[in-house]
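Before any comments, here is the structure.
The values are calculated or read from the model by the stated rules, or taken from the named source; none is laboratory data. Since the model is a prediction, treat every value here as computed from it, not as a measurement. Because the Cβ atoms are built from the backbone with ideal geometry, glycine has one as well, and the counts that use them run over all protein chains shown. Surface areas here come from the heavy atoms of the whole protein model, side chains and all, with no ligands, DNA or RNA. Shrake-Rupley method; radii C 1.70, N 1.55, O 1.52, S 1.80 Å.
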Amino acid sequence: MRTTLDTKSCPVCRKKPSAEHAPFCSRGCKDRDLLRWLDEGYRIPGPKADAGVDSEDSGG
């Protein structure tokens, strides 16, 4: 199913998205969104993680 770009706006700045950077309007907004994910600016709801367990150090 093909979506049209004119029905939604850039999730960062609300400008019209460009086909090259969809769903964003520019490379800057695309990078800004990625940085928010990397800096944990976005959160996905879920149960709290156990503070005593380190998921990266489970190899024993």
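What is the sum of charges around Gly41, taking Lys and Arg as +1, Asp and Glu as -1, for the other residues whose C-beta is under 14 Å from the C-beta of Gly41?
Net of charged neighbours comes to -1.
Run the reach check for Lys30 against lysines, Cα to Cα strictly under 28 Å, same-chain hits fewer than 8 apart removed. What comes back?
Reachable lysines: Lys8, Lys15, Lys16.
What net charge do the residues around Val12 carry, taking every other residue with its C-beta under 11 Å from that of Val12, with Lys and Arg at +1 and Asp and Glu at -1?
Neighbour charge sum, excluding Val12 itself: +3.
Report Lys16's accessible area, 1.4 Å probe, all protein chains in place, as a number in Å² to the nearest 10.
150
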